[in-house]
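Engineer: Sharing a structure here in structure tokens format.
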Amino acid sequence: MTNFRVIGRGLTYFVLFFGALLMLFPFIWMLSTSLKTTGAVGQLPPQLIPNPVSWENYKIVWDKVNFGRYTFNSLFLVVADMIGSLLSCSMIAFGLALFDFKLRKPLYIAMLATLMIPFQVTLIPSYFIWKTFGMLDTYYPLIIPSFLGGAFGIFLMHQFIKGLPRELYEAAVVDGYNPMGIFWKIYIPLCKPALAALGVFTFMGAWNNTLGPLIYLQDKKLYTLPVGLLYLKNDTEVSTALLMAGAVIVTIPVVIIYLIAQKQFVQGIASTGLKG
């Protein structure tokens, strides 16, 4: 029996390693291509380890597309969206999870129903709403919605808060805390795993958002990294190596954020139950 367990565990590790390698291979190939010269990109058979290594691609693409400016714009939007999303989603979820009022369940169900509506359905109405308010070619259409709460973020936080003992809230009320005090001093510290998970999702969504900036922004000075990469792709003079260098620049921050928040992220997702 012990031998079968060892063999089974070895097969499991092999499958997991092979699966991880398949998932990582596109990123490895992208990194490899970004370090190749223009002539080496089309070389047959292809080289996984570039020879020679050309770091010049990163300098060229950084200067050619003004990636420094676009990086600052992306970081600004990401920080604003994370602040808005974490604050609004946690507060709304706290109210839905702990306060009893007449329309609580219908509102919660209606909110979850919005998850089934494709983004493309509301895209045109949203565009004309922002146009009516004169906010096109500004960051307002990309920032304000995050401060109004998102269905997925509210659901994630709601489920996590529902998994915490109700007695925490009741004991705090007995001790004289008001709802906002309970929220900031008790529930926010306890919700760090869920907040980390929501923060990673929000970061990835805001950082990789291409359609939103492409629709609402016309001034090139306001462009974000994904939009800059898109225009880099449409440039006929740009080689595949330069395009891959730009893709690496866009991808690395997402990887770094995930590695930093990995433990909290996994804990936040794993501990989010299905309580109603």
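Engineer: Which is part of a helix (DSSP H, G or I) and over 17 Å from Ala197 (Cα atoms), of Ile161, Ile144? Walk me through it before giving the result.
Structural biologist: Details: Ile161 fails: over 17 Å from Ala197 (Cα atoms).
Sole residue among the options that is part of a helix (DSSP H, G or I) and over 17 Å from Ala197 (Cα atoms): Ile144.
Engineer: Identify, please: which residue in segment 43-77 is touching a residue at least 12 places away in the same chain (Cβ under 8 Å) and over 22 Å from Val227 (Cβ atoms) and is, among those, most open to solvent (accessible area, probe 1.4 Å)?
Structural biologist: Ranking the qualifying residues of segment 43-77, first place goes to Trp55.
Engineer: How about segment 175-189: which of its residues are buried (at least 17 other Cβ atoms within 10 Å of the Cβ) and of a type outside the set (A, V, I, L, M)?
Structural biologist: Scanning segment 175-189 gives Phe183, Tyr187.
Engineer: Anything in segment 98-129 that is under 14 Å from Ala151 (Cα atoms) and among the small types (Gly, Ala, Ser)? List them, or say none.
Structural biologist: Ala110, Ala113
Engineer: Taking into account only those residues within segment 96-116 that are open to solvent by 100 Å² or more (accessible area, probe 1.4 Å) and either assigned to a helix (DSSP H, G or I) or touching a residue at least 12 places away in the same chain (Cβ under 8 Å) (or both), which is farthest from Arg166 (Cα to Cα)?
Structural biologist: So the residue we want is Met116.
Engineer: Among (1) closer than 29 Å to Thr240 by Cα; (2) part of a helix (DSSP H, G or I), which single condition is Gly8 missing?
Structural biologist: The single condition Gly8 does not satisfy is (1).
Engineer: Criterion first (closer than 23 Å to Leu243 by Cβ, modelled with pLDDT of 85 or more, in a helix (DSSP H, G or I) and in contact with a helix residue (DSSP H, G or I) (Cβ under 6 Å, 6 or more places away or on another chain)) does Ser85 satisfy it?
Structural biologist: On the way: closer than 23 Å to Leu243 by Cβ: no; modelled with pLDDT of 85 or more: yes; in a helix (DSSP H, G or I): yes; in contact with a helix residue (DSSP H, G or I) (Cβ under 6 Å, 6 or more places away or on another chain): yes.
Against the criterion (closer than 23 Å to Leu243 by Cβ, modelled with pLDDT of 85 or more, in a helix (DSSP H, G or I) and in contact with a helix residue (DSSP H, G or I) (Cβ under 6 Å, 6 or more places away or on another chain)), Ser85 does not qualify.
Engineer: Next question, about the same structure. Determine which member of the set Ala80, Ala172 is open to solvent by less than 20 Å² (accessible area, probe 1.4 Å) and either at pLDDT 90 or above or not in a helix (DSSP H, G or I) (or both).
Structural biologist: The match here is Ala80.
Engineer: I'd like the full set of residues that are in contact (Cβ under 8 Å) with a residue 40 or more places away in the chain and surrounded by fewer than 17 Cβ atoms within 10 Å (Cβ to Cβ), limited to segment 153-167.
Structural biologist: Gly163, Arg166
Engineer: Confirm whether Phe119 is within 26 Å of Tyr223 (Cα to Cα), open to solvent by 60 Å² or more (accessible area, probe 1.4 Å) and aromatic (Phe, Trp, Tyr).
Structural biologist: It is true that Phe119 is within 26 Å of Tyr223 (Cα to Cα), open to solvent by 60 Å² or more (accessible area, probe 1.4 Å) and aromatic (Phe, Trp, Tyr).
Engineer: Further, regarding this structure: State yes or no: is Pro145 open to solvent by 30 Å² or more (accessible area, probe 1.4 Å) and under 19 Å from the mean Cα position of the chain (by Cα)?
Structural biologist: The answer is yes for Pro145.
Engineer: Among what's in segment 228-271 and is modelled with pLDDT under 70 and outside any helix (DSSP H, G or I), pick the residue that is nearest to the chain's Cα centre (by Cα).
Structural biologist: Only one residue fits best here, namely Ser271.
Engineer: Taking the residues in segment 190-208 that are within 17 Å of Leu86 (Cβ to Cβ) and not hydrophobic (A, V, I, L, M, F, W, C) as candidates, determine which candidate is surrounded by the fewest Cβ atoms within 10 Å (Cβ to Cβ).
Structural biologist: The selected residue is Lys192.
Engineer: Could you please let me know if Lys131 is out of contact with any strand residue (DSSP E or B) (no Cβ under 6 Å at 6 or more places or on another chain), of a type in the set (Lys, Arg) and either surrounded by 14 or more Cβ atoms within 10 Å (Cβ to Cβ) or not in a helix (DSSP H, G or I) (or both)?
Structural biologist: Criteria not met by Lys131.
The values are calculated or read from the model by the stated rules, or taken from the named source; none is laboratory data. This structure is a prediction, so every number in the text was calculated from the model and none was measured. So basically every Cβ, Gly included, is an ideal-geometry build from the backbone, and we count neighbours across all protein chains shown. With ligands, DNA and RNA removed, areas are computed over all heavy atoms of the protein, side chains included. Shrake-Rupley method; radii C 1.70, N 1.55, O 1.52, S 1.80 Å.
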